[in-house]
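What follows is a short report on a single structure.
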Amino acid sequence: MYKTFAALAAATALTATAAFAQDLPKEVKARQGQFQIMAINLGILGGIAKGAIEYDAATAQAAADSLVGISMVNPAPLWVEGTDEMSIEGTRAKAEIWDNLDDVVAKWNAFGEAAKVMQAAAGEGPEAIGPALGTIGGTCKACHDAYRAPQS
């Protein structure tokens, strides 16, 4: 399970890095930056959960707090029509997002709730981080399965 999180984080970071090199609309750059911040912090927490990073309560708490903070950004302004993978290069956002923006926002809110669970678990030790990470991963997967095109 933790390998899945690491792979998702790495794929998100690589995709976003390549896209930043292009002349993308500011909204796309902002949402990809948001996902990079998420990936970095999920990577820290995933590393702690699997024992690859030594547990430090302050580090874990800072990563979890960052996830909660990023979840508080209103996603709707970042999802401008015409910024899907069929319209511009450098994004994997499916066009279906704009037909189901309310669902996308609901999935984003579910991520925020899962991030709050992680925030509460982060200070309890590495054994509490794994289950909370699974919950967050489920929210990420739900949105990616529906609204993110496969990497080409």
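Taken together, the values in this text are just the output of simple stated rules run on the coordinates, not laboratory data. Quick caveat, the model's predicted, so the values are computed rather than measured. Because the Cβ atoms are built from the backbone with ideal geometry, glycine has one as well, and the counts that use them run over all protein chains shown.
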May I ask you to list the lysines whose Cα is less than 30 Å away from that of Lys94, ignoring any residue fewer than eight positions away on the same chain? Lys3, Lys26, Lys29, Lys107, Lys116, Lys141
Give me Tyr55, Tyr147 sorted ascending by neighbouring Cβ count inside 10 Å, so fewest comes first. Tyr55, Tyr147
Starting with the fewest neighbours, write out Thr91, Thr139 ranked by other beta-carbon atoms found within 10 Å of each beta-carbon. Thr139, Thr91
So what is the 222 nm mean residue ellipticity for the chain from helices alone, if each DSSP H run of at least 4 adds -39500 (n - 2.57) and you divide by all residues, rounding to the nearest 500 deg cm²/dmol? -23000 deg cm²/dmol
Taking the Cα centre of the chain as origin, work out the dipole magnitude from +1 charges on Lys and Arg Cβ and -1 charges on Asp and Glu Cβ, in debye rounded to 20. 240
Excluding same-chain residues fewer than 8 positions from Lys50, which aspartates and glutamates have a Cα within less than 14 Å of its Cα? Glu127
Order of Ser152, Ser66 - criterion: other Cβ atoms within 10 Å of each residue's Cβ, fewest first: Ser152, Ser66
Say each of Ala142 and Asp99 gets a label point 7 Å from the Cα, pointing the same way as Cα to Cβ; how far apart are those two points in nm? 2.1
Could you tell me the relative contact order of the stretch 2-147? Use alpha-carbon pairs under 8 Å, at least six residues apart, and round to a whole percent. 27
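State the extension gain, in nm to one decimal, for the chain segment bounded by Ser152 and Glu54, taking 0.36 nm per residue of separation less the distance between their alpha-carbons.
Contour length minus the Cα-Cα distance gives 31.8 nm.
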